[in-house]
Amino acid sequence: MLTALSPAQGIRQSVPAQEDIIRRSLERSARYGVDPHLDGAPESTRLSDEQLRERINGQRVFYTLAKEQIDSLYRLLRDTGFCMALADSEGYVLYVVGDPDLVEHFKRRRCIPGYRWTERDIGTCAIGLSLEERVPVFLPGDRMYSAQARKISNAGAPVFSLDGSRVLGAISLSGSSDMMHVHTLGLVRQAAETVTSQLRERERIRELAIKNQYMRALVESDSRGIRHRGSGRAHRGGQQHGPQAAEARAGLRGQVV
């Protein structure tokens, strides 16, 4: 599957220089005063279970579509030493799936649902970096800010809103550095772009449904008007009574039949 992707050189040409992006992130992390020896995301960033549910429910469409893409991609990568994560626009991890050994590593590092994973919290990392720079990024393990994460390489890509104006979140793919290659950036990038495409398609279908509903309302309204106008006319073989009948008879007088 990886051989079907564009060459690494093509990926580098399609996004800003990766090394420049990483260097800026490392510099920001140092300015933020992040301890490179942190064992994981600070406990202070943790959401309660209720807060996590509310956060997911508040962006249910994004969460559902992104989770479907992650699950679909992971089915192809299962048992090959990879782990994937979904975070929202503020860096809160919403979903993680992967091979058991790597999931355990993520748990120890607190890269699990409910924790925030940004440059300010943990230093240079794929989720935080792709959210900050708004571009896909491949982050070799030896370029991670955290000393305890340098055996794991990562690829991350932002997911944009349907009009491209906002970052909704990020998708990341992680694996042992001897397994990860810059080509894996294409996997997460495609997954992120697919989510945005699906958001556009949902919006197109929604707008079409609204237009169809409006047209049906117009047709039904016009049909009621026709029936109402026709209700006062005399019908052959039938008899009308009351004012409408008198009006109909008056209308017939003087006409040649």
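If you go through segment 137-150 and pick out every residue that is surrounded by fewer than 23 Cβ atoms within 10 Å (Cβ to Cβ) and touching an Asp or Glu at 6+ places or on another chain (Cβ under 9 Å), you end up with 4. Once segment 107-132 is narrowed to residues that are among the charged types (D, E, K, R) and closer than 14 Å to residue 149 by Cβ, the residue that is farthest from the chain's Cα centre (by Cα) is 108. Do we find a residue being among the polar types (S, T, N, Q), more than 22 Å from residue 181 (Cβ to Cβ) and either modelled with pLDDT of 95 or more or touching a Leu at 6+ places or on another chain (Cβ under 6 Å) (or both) anywhere in segment 14-32? Checked against the condition, which is being among the polar types (S, T, N, Q), more than 22 Å from residue 181 (Cβ to Cβ) and either modelled with pLDDT of 95 or more or touching a Leu at 6+ places or on another chain (Cβ under 6 Å) (or both), segment 14-32 yields at least one hit.
Just name the residue that is farthest from residue 129 (Cα to Cα) out of those in segment 67-96 that are touching a Ser or Thr at 6+ places or on another chain (Cβ under 6 Å) and at pLDDT 95 or above. The residue in question is 69.
Within segment 162-179, which residues are surrounded by fewer than 24 Cβ atoms within 10 Å (Cβ to Cβ), of a type outside the set (A, V, I, L, M, F, W, C) and outside any loop (DSSP other than H, G, I, E, B)? Answer for segment 162-179, where residues must be surrounded by fewer than 24 Cβ atoms within 10 Å (Cβ to Cβ), of a type outside the set (A, V, I, L, M, F, W, C) and outside any loop (DSSP other than H, G, I, E, B): 175, 176. Within segment 83-94, residues that are over 14 Å from residue 59 (Cα atoms) sit with their Cβ atoms under 8 Å from residues that are small (Gly, Ala, Ser) and crowded, with 24+ Cβ neighbours inside 10 Å, at 6+ positions apart or across chains, in these pairs: 83/174; 84/172; 84/174; 85/172; 85/174. Restricting segment 104-136 to residues that are buried (at least 17 other Cβ atoms within 10 Å of the Cβ) and out of contact with any helix residue (DSSP H, G or I) (no Cβ under 9 Å at 6 or more places or on another chain), the residue that is nearest to residue 165 (Cα to Cα) is 127.
Does residue 123 meet the test of being small (Gly, Ala, Ser) and at positive phi? For residue 123, the condition - small (Gly, Ala, Ser) and at positive phi - is met. From the list 159, 182, 188, 195, the one residue that fits, being part of a loop (DSSP other than H, G, I, E, B) and either buried (at least 20 other Cβ atoms within 10 Å of the Cβ) or on the phi < 0 side of the Ramachandran plot (or both), is 182. With respect to being under 19 Å from the mean Cα position of the chain (by Cα) and either acidic (Asp, Glu) or surrounded by 17 or more Cβ atoms within 10 Å (Cβ to Cβ) (or both), residue 60 falls outside the description. When segment 103-145 is filtered for residues that are more than 24 Å from residue 80 (Cα to Cα) and not in a helix (DSSP H, G or I), the ones remaining, listed by number, are 114, 115, 116, 117, 118, 123, 124, 134, 135, 145.
The values are calculated or read from the model by the stated rules, or taken from the named source; none is laboratory data. Note that the structure is a prediction, hence the values are computed from the model and not measured. Cβ sites come from the backbone with ideal geometry, for glycine too, and all protein chains shown count toward neighbours.
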